[in-house]
1. Every residue in the stretch 240-266 that is closer than 14 Å to P65 by Cβ and either modelled with pLDDT under 90 or part of a strand (DSSP E or B) (or both), please.
2. Among the residues of the stretch 426-439, is there at least one that is modelled with pLDDT of 85 or more, assigned to a strand (DSSP E or B) and under 31 Å from the mean Cα position of the chain (by Cα)?
3. Is at least one residue of the stretch 162-175 charged (D, E, K, R), open to solvent by 70 Å² or more (accessible area, probe 1.4 Å) and under 36 Å from the mean Cα position of the chain (by Cα)?
4. Can you pull out the residues in the stretch 689-724 that are without any contact (Cβ under 8 Å) to a residue 24 or more places away in the chain and open to solvent by 70 Å² or more (accessible area, probe 1.4 Å)?
5. I'd like the full set of residues that are open to solvent by less than 40 Å² (accessible area, probe 1.4 Å), of a type outside the set (S, T, N, Q) and assigned to a helix (DSSP H, G or I), limited to the stretch 846-875.
6. Can you confirm whether C396 is over 30 Å from Y323 (Cβ atoms), at pLDDT 75 or above and surrounded by fewer than 24 Cβ atoms within 10 Å (Cβ to Cβ)?
7. Here is a check on your reading of the model: is S757 out of contact with any His (no Cβ under 9 Å at 6 or more places or on another chain), of a type outside the set (A, V, I, L, M) and open to solvent by 10 Å² or more (accessible area, probe 1.4 Å)?
8. Of a type in the set (K, R) and in contact with a strand residue (DSSP E or B) (Cβ under 7 Å, 6 or more places away or on another chain) - does that describe any residue in the stretch 542-561?
Amino acid sequence: MSTLQLKSYQRQALDALSVFLVGARGAESHAQMQLAFEAARGQGMGEHAQPVWYRPFTADRPEIPVACIRIPTGGGKTLMAAHAIDIAARDHVGTRAPIALWLVPSNTIRTQTLEALKTPGHPYRQALLEHWPDDALLVLDIADCRQIRAHDMGRRAIIVVGTVQTLRVENTAAREVYAYHEDFAPHFASAPDAAFFERVGERDLAAQPYLSRGDLGRIKASFANLLAWHRPIVIMDEAHNAQSRLSLTLLDRIRPACVVEWTATPLPEQNVLYAVSAQELKAADMIKLPIVLAPHPNWQEAVRDAVLTREQLAAEALSEPEYVRPIVLFQAEPKGGEATVDVLKAYLVDMLHVAEGRIAVATGNQRELDGVDLFRRDCPIDFVITVEALKEGWDCSFAYVFCTVQNIRSAKDMEQLLGRVLRMPYARRRVSQKLNRAYAHVCGARTAQVADQLADRLISMGFERIAAAQAVQPALDDDLFNARPPEPAEVETGFETTHAIASAVESVAGSHVRVEAVDGGARVIVSGRVDVATADAIVAAVPRRDRAAMQAQLQRHEARVLAAAAPSERGASFAAVPQLMLPMQGELCLFEPELLDELIDYSLAGLPADLPGLKRAQHRPSFLIDIERGRINLREDVTQDELGLDGTGSYVVRQEDIIRALDSRLYFRSILQADRIAWLGRALDGLQREGFELVYLTRHLNDLVEAVAARLRELLAGQRRAAFQQSLLGGEGQVRLDAITGFHFDPQRYPARWLYSGRWRFGKHFYPLPGELKPENDAEETACAIELDRLPQVRHWVRNLERQPDAAFWLPTSTDRFYPDFVAELDDGRLFVVEYKGGDRISNDDSREKDHIGRVWAGASNGRCVFLMATDAKTAGKPVAVQLREAIGA
């Protein structure tokens with residue numbers, strides 16, 4: 001194994017965590033922490049992130065930052081957590097030798113996490129070694145915490161892995177982590193007599209006979225007290241399970257420096273700093289989607305087709321550049337059922353002629369996977385049989401096919417097994433499209449019902465409702481590998497309820513609903529598109545106590561209809577969007593912002609060397625300590641630098657010493673060192689003419705470094721802007737559009753961080769729902785999207801995503817990339833790109849530059865592309881709808 005490179009969404013989530021922890025470093029109140037949280041969340045989730053109320057650690061301890069990263073199953077949260085320890089240590093605690101407490105939900109996960117963090121070569125171990133050398137890193141099981149020596153503190157990064165249950169108790173005397181141990185005594189030899197320490201009490205005397213009554217009231221030499229003293233970084237896995245009062249009490253006891261939570265399904269009260277969507281995981285090639293669902297009338301057919309699916313996938317895998325061996329996971333029935341482990345295995349061997357050596361049984365009594373490396377080329381196992389879930393944390397990305405002969409309502413076990421077939425081998429897209437999907441063979445005659453239940457399991461694994469609906473693709477015919485999505489009118493969602501509720505729904509829903517009798521009640525089946533008015537009428541028709549459940553059923557149905565109706569799901573393609581190209585050494589290159597550095601011969605010669613950002617520092621107050629009338633007296637010294645420290649005196653400071661100090665702290669790789677040094681000399685000459693003494697500049701070197709860096713960035717940005725503007729002019733060697741190179745919206749990739757949740761039904765969006773769009777219809781960009789969707793000339797359109805260079809259309813600017821808000825394909829074949837700016841922003845420098853580059857892009861297309869910088873009706877003098885129609889000549 002080797003170092004795993006972080007995916008884009010992982011880096012962005014960790015960057016948001018860094019911003020929050022830096023901002024929280026000096027926060028002392030709930031209000032200050034709220035501001036730090038909002039700033040970091042805005043950076044991580046984009047400018048359209050909905051405001052969220054920050055919940056403090058406790059009312060008495062608001063200065064302890066708590067952040068939650070929401071990431072669905074298969075997103076690599078353990079790898080991210082390993083990197084998060086360094087971020088917390090560097091950006092918040094301010095140490096290179098932190099102590100971290102890594103809490104997990106079970107002993108199985110504890111063992112596996114610990115092994116991964118300690119094993120040389122494992123990606124999680126490698127992630128830690130990116131930040132600390134091996135001899136400066138100590139990873140321990142919480143049961144071995146007594147191995148920590150006093151000299152380790154402050155010298156090594158210490159990571160202790162344990163379960164929440166180990167610390168979550170009312171009676172602390174009953175647990176080892178709270179118990180007095182002589183091994184910890186040296187740690188407390190110089191401990192302050194602080195109130196936060198737990199003391200030896202009567203319960204401790206009863207639980208630990210070697211303590212005497214003379215120990216009562218002493219600081220308890222325990223691991224918990226050691227943590228409380230050194231303020232650990234807390235990593236909380238599956239944090240939604242640790243939000244109880246007792247869980248928060250345990251954290252309060254150990255006085256964490258900060259708490260970083262990880263979960264796929266956060267609770268409303270958790271501080272979700274960054275939410276990773278299932279679409280982002282799919283776009284990053286972390287998971288296999290969609291899941292092709294094949295229901296069967298009996299278990300024998302399900303097992304047979306699962307084996308056949310595996311054989312076809314194995315043939316496809318032979319053409320892959322990397323070794324892949326597809327594996328089937330069978331879920332048998334428990335003892336007393338029809339298709340038990342033994343029956344299922346016998347069927348595989350006797351009826352389907354599968355060699356027994358290719359089958360492994362993994363149950364509580366039979367552990368045939370223990371010690372087996374399923375990734376080895378010489379491993380013979382192609383089929384795994386289990387009853388309940390495989391052990392927690394079991395992970396093999398070669399698992400492609402899930403087959404259950406149990407009732408699909410056994411939700412938890414199916415959820416865990418389903419998670420085992422989602423991970424993508426090597427976290428890289430496969431050459432064969434068939435190997436980018438997962439496959440589920442289940443027993444159940446009702447395809448819609450099984451699809452509903454399967455989608456529900458995905459939602460509980462962290463998928464959004466629409467993403468879950470997209471992820472489950474029923475096989476409507478025998479061609480499993482080319483399964484077509486259902487037509488919107490074919491989509492059915494069924495749920496069981498009482499006769500009374502079924503009748504009430506049927507009376508207002510008309511042709512959208514039919515009712516079937518089932519034992520003890522009725523089954524309501526909703527089909528096709530249901531308009532908003534009908535959906536509201538259905539909800540209003542049922543008793544008040546049942547309305548929330550009915551609303552959820554209709555939302556689930558709507559998600560499935562949207563997924564089926566979207567052009568991206570129906571095989572439609574979006575025309576390639578031309579991108580700006582730039583001739584470089586006889587070849588056309590994509591005009592990326594970084595390309596400007598190759599066009600510019602950066603030079604400081606002839607540029608001004610003034611430092612307007614450097615101001616003489618205000619007088620720093622000093623204090624006089626004296627004895628007056630036998631008492632020590634402290635008062636501020638009102639004299640102004642009587643010693644004259646900024647004067648030269650006999651202390652000689654040479655200009656070249658300051659230049660050398662500045663040069664060592666400035667990093668501008670685009671400027672040659674000789675050029676930089678010459679400019680620094682001119683800058684210092686100018687400062688001395690303004691009255692700045694060299695001694696003063698030495699004493700305020702940090703201020704000088706910041707002023708120099710800011711001025712150099714400003715000067716270089718000016719040269720970049722000039723080169724950028726020059727490249728946009730007509731003529732040989734300037735930007736152009738290439739007929740071949742263009743950006744393609746991938747029908748299978750739309751990594752929105754969140755999806756539109758408002759009531760407007762978009763009819764032409766290329767994907768099932770627009771991403772990162774506010775739910776309110778009167779929100780400016782949402783209102784613009786609605787008008788675009790209503791244009792008769794629009795074939796389909798895409799809400800373009802911010803900061804997604806591989807999944808969104810962008811244009812270069814002098815400093816970065818510009819992601820227009822909307823990209824539409826018109827019926828006449830033209831491409832229509834729209835950027836919306838409110839009236840308060842339409843005239844700023846950023847908007848003007850974006851408008852300029854958009855017009856240059858459209859102008860280079862010979863009429864095939866149209867660009868519009870839209871704004872509000874008051875600023876433009878006409879409604880947005882009119883601006884859109886006029887732009888396309890309608």
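The values are calculated or read from the model by the stated rules, or taken from the named source; none is laboratory data. Quick caveat, the model's predicted, so the values are computed rather than measured. FYI the Cβ positions are ideal-geometry reconstructions off the backbone, even for glycines, and counts take in every protein chain you see. Note: areas computed on protein heavy atoms with side chains; ligands, DNA, RNA excluded. Shrake-Rupley method; radii C 1.70, N 1.55, O 1.52, S 1.80 Å.
1. If the condition is that a residue be closer than 14 Å to P65 by Cβ and either modelled with pLDDT under 90 or part of a strand (DSSP E or B) (or both), then L251, C258, V259, V260, E261 are the ones that fit.
2. Yes, because at least one residue in the stretch 426-439 is modelled with pLDDT of 85 or more, assigned to a strand (DSSP E or B) and under 31 Å from the mean Cα position of the chain (by Cα).
3. The answer is yes; a qualifying residue exists.
4. R689, E690, N702, R713, E714
5. Scanning the stretch 846-875 gives E849, K850, D851, I853, G854, V856, W857, A858.
6. no
7. yes
8. Looking through the stretch 542-561, at least one residue is of a type in the set (K, R) and in contact with a strand residue (DSSP E or B) (Cβ under 7 Å, 6 or more places away or on another chain).
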